[in-house]
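K.L.:
The structure's right below; bear with me while I get my questions together.
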Amino acid sequence: MCKFKNIIINKSCGKYCNLEYIPLVAQCFNKYFKFLLDDFSTCYTSDIYSFIENVSPYFWVVLDMNDKFMGFGFLDNFTGNKNKLYSAEISTCFARWAWGSYTRFVSKIFLKKCFDEIGLTKITAKIYPDNFRVKHLLRACGFEYEATIPNETLRFGKMQDIEVYGLYRDYYYKSR
């Protein structure tokens with residue numbers, strides 16, 4: 001099993017939660033940021049606090065049952081309003097030791113959390129086409145390829161395509 005602990009940074013309200021995990025998040029983030037960010041978001045690599053504050057309260061660390069840090073996941077780019085969130089984009093980053101079947105297991109639990117607790121109808125994932133590990137993980141969790149957006153952004157100074165994958169609540173529960 002695993003645990004999800006919400007990290008919250010909201011300077012305007014003075015609300016902070018589970019900040020002790022930030023060094024582990026920063027270490028994992030810095031190791032794999034090339035798969036998470038494009039050239040326009042590199043400002044976050046130097047300030048993980050701003051990055052987390054930007055997606056709070058939808059940022060979680062993932063721990064195994066012995067409280068060992070596995071990685072993190074977050075939601076952003078929501079569609080909906082304060083009464084009903086329809087969809088969101090998911091991003092995850094796991095420590096290398098957690099890759100493989102355990103990551104698939106944890107990801108499925110995280111998706112259920114997003115559907116059940118947040119009430120999302122659809123979850124999307126946008127990835128770089130060369131991110132084969134995540135592509136495999138998405139398919140294993142029931143995501144379907146939706147589109148490739150050509151030259152959507154810049155990455156390392158070059159135009160970069162983005163692949164879009166989607167998972168609907170009804171399909172997720174039907175396929176289980």
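The values are calculated or read from the model by the stated rules, or taken from the named source; none is laboratory data. From a predicted model like this one, the values you see are computed outputs, not experimental measurements. Reconstructed Cβ throughout: ideal geometry from the backbone, glycine too, with neighbour counts over all protein chains shown. Each accessible area value is taken on the protein alone, full model and side chains, heavy atoms only, with ligands, DNA and RNA left out. Shrake-Rupley method; radii C 1.70, N 1.55, O 1.52, S 1.80 Å.
K.L.:
Starting from residues that are surrounded by fewer than 21 Cβ atoms within 10 Å (Cβ to Cβ) and within 22 Å of residue 166 (Cα to Cα), keep the ones in region 93-102 and report whichever is modelled with the highest pLDDT.
P.N.:
Among those that are surrounded by fewer than 21 Cβ atoms within 10 Å (Cβ to Cβ) and within 22 Å of residue 166 (Cα to Cα), it is 93.
K.L.:
When region 119-143 is examined, which residues are found to be over 14 Å from the mean Cα position of the chain (by Cα), of a type in the set (A, V, I, L, M) and at pLDDT 95 or above?
P.N.:
Within region 119-143, just 120 meets the criteria.
K.L.:
Filter region 132-176 for residues that are β-branched (Val, Ile, Thr) and part of a strand (DSSP E or B); which is surrounded by the fewest Cβ atoms within 10 Å (Cβ to Cβ)?
P.N.:
Within region 132-176, the match that is surrounded by the fewest Cβ atoms within 10 Å (Cβ to Cβ) is 148.
K.L.:
Test residue 120 against the criterion of being open to solvent by less than 20 Å² (accessible area, probe 1.4 Å), of a type in the set (A, V, I, L, M) and under 25 Å from residue 6 (Cβ atoms), and give yes or no.
P.N.:
Taking the combined requirement at face value, the residue satisfies it.
K.L.:
Considering (1) under 24 Å from residue 38 (Cα atoms); (2) open to solvent by less than 80 Å² (accessible area, probe 1.4 Å), say which one residue 115 fails and leave the rest.
P.N.:
(1)
K.L.:
Let me ask something additional. Scanning for something polar (S, T, N, Q) and under 20 Å from residue 170 (Cα atoms), does region 106-114 turn up at least one residue? Outline the logic, then answer.
P.N.:
Going residue by residue through region 106-114, those that are polar (S, T, N, Q) are 107.
Okay, now just the ones that are also under 20 Å from residue 170 (Cα atoms), so 107.
Yes, there is a match, as at least one residue in region 106-114 is polar (S, T, N, Q) and under 20 Å from residue 170 (Cα atoms).
K.L.:
Here is a further query. Only one residue in 107, 87 is closer than 18 Å to residue 25 by Cβ, open to solvent by less than 20 Å² (accessible area, probe 1.4 Å), of a type in the set (Ser, Thr, Tyr) and at pLDDT 90 or above. Which one?
P.N.:
The unique qualifying residue is 107.
K.L.:
Counting only residues that are surrounded by 12 or more Cβ atoms within 10 Å (Cβ to Cβ) and of a type in the set (D, E, K, R), how many does region 1-46 have?
P.N.:
6
K.L.:
Still on this structure, please answer the following. Output the residues belonging to region 1-25 that are over 25 Å from residue 111 (Cβ atoms) and outside any strand (DSSP E or B).
P.N.:
Within region 1-25, 11, 12, 13, 14, 19, 20, 23 qualify.
K.L.:
Identify, please: which residue in region 50-73 is in a strand (DSSP E or B) and open to solvent by 10 Å² or more (accessible area, probe 1.4 Å) and is, among those, nearest to residue 17 (Cα to Cα)?
P.N.:
60
K.L.:
Another question, if that's okay. If you go through region 59-72 one residue at a time, do you hit one that is closer than 21 Å to residue 144 by Cα and not aliphatic (A, V, I, L, M)?
P.N.:
Looking for residues that are closer than 21 Å to residue 144 by Cα and not aliphatic (A, V, I, L, M), one finds none in region 59-72, hence no.
K.L.:
For the list (1) in contact (Cβ under 8 Å) with a residue 60 or more places away in the chain; (2) open to solvent by less than 20 Å² (accessible area, probe 1.4 Å); (3) under 20 Å from residue 40 (Cβ atoms), I need the number of the one condition that residue 125 fails.
P.N.:
(1)
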